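Input: a single structure, listed below in structure tokens.
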Amino acid sequence: METIQYIALSMGAAWASGINLYAAVFMLGYLGTTGNIVLPPDLMVVTDPMVMTAAGLMYCVEFFADKTPGVDTAWDTLHTFIRIPLGAVLAMSAVGDTTPAVELAAFLVGGSLTAATHATKTGGRAMINTSPEPVTNWTASISEDLLVIGGIWAALNHPLLFVIFLVLFIIFIAWLLPKIWRALNRIFNKLKQFINFNKPPAPTMIEQSPERSTE
């Protein structure tokens with residue numbers, strides 16, 4: 001594999017992990033098992049039947065959790081501690097048999113990229129949940145799944161094109177993330193004001209004068 005292919009595979013795995021880790025792992029394992037791609041030795045673990053079965057089962061769970069308003073946000077919050085470290089590990093494993101410095105660099109950059117895509121997805125889905133209907137959740141979730149599949153396919157078959165897309169995507173994230181968090185902050189502030197407005201007033205203590213004792 002050429003350098004650009006290693007970069008595309010490494011960063012593609014990290015990028016996809018921030019959106020849907022289980023779909024990314026299962027697809028890499030499937031493509032490696034069927035011989036469509038030759039994975040680096042350290043990444044061959046994703047072709048193990050046990051790993052593919054676990055990834056497939058968890059993808060089925062996420063398929064429904066990711067499309068239920070409220071549940072998707074809780075699921076994304078929980079996966080902050082799963083997607084980011086595993087995305088970094090996948091990025092490091094995808095660079096092949098190289099020097100420890102290259103592996104560490106891939107781990108750091110890959111983890112940061114996974115964190116950025118995960119934060120964008122989590123914030124965007126939280127904003128979508130302000131809409132009462134479930135159609136937008138289903139549309140967003142299916143679009144994300146297709147984006148992961150298409151992104152990994154492009155990273156493997158058109159690595160240079162994928163790297164260009166990834167650079168543009170990072171620029172887009174840098175522009176979008178502050179807007180998402182500002183919008184969420186406004187929503188939380190309004191929710192806080194609504195709760196405080198409807199909170200019953202605290203009872204006041206009425207001072208009572210001591211009664212005179214009667215003789």
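Readers should treat all values here as calculations from the given coordinates under stated rules, not as data from a laboratory. Nothing here was measured: the structure is a model prediction, and the numbers come from that model. Cβ: placed from backbone, ideal geometry, glycine included. Neighbour counts: every protein chain shown.
Across the options VAL102, LEU28, PHE162, the greatest Cα extent toward the positive end of the charge dipole of region 3-198 (unit charges at beta carbon of Lys, Arg, Asp, Glu) belongs to PHE162. In a solvent-free Debye calculation with one equal scatterer on each Cα, what is log10 I(q)/I(0) for region 103-142 at q = 0.14 Å⁻¹, listed in the order of the q values? Evaluating at q = 0.14 Å⁻¹ gives log10 I(q)/I(0) of -0.43. Placing unit charges on each Cβ (+1 for Lys and Arg, -1 for Asp and Glu) gives the chain a dipole about its Cα centre, and among VAL51, ALA174, ALA65 the Cα reaching farthest toward its positive end belongs to ALA174. Taking Cα atoms only, the orientation of helix 80-93 departs from the longest principal axis of the chain by about 20 degrees. To the nearest ten degrees, helix 49-65 and the longest principal axis of the Cα atoms of the chain are 40 degrees apart.
Angle check, please: helix 159-198 long axis (alpha carbons) against the longest principal axis of the chain (alpha carbons), in degrees 0 to 90, nearest 10. Orientation of helix 159-198: about 10 degrees from the principal axis. Averaged over residues, the count of other Cβ atoms within 10 Å places the peptides 106-116, 160-170, 86-96 in the sequence 86-96, 106-116, 160-170, highest first.
Our helix-only sum for the chain, with -39,500 (n - 2.57) per DSSP H run of n ≥ 4 divided by its residues, gives a mean residue ellipticity at 222 nm of -26500 deg cm²/dmol. Here the dipole of the chain is about 720 debye; that uses its Cα centre as origin and unit charges on the Cβ of Lys and Arg (positive) and Asp and Glu (negative).
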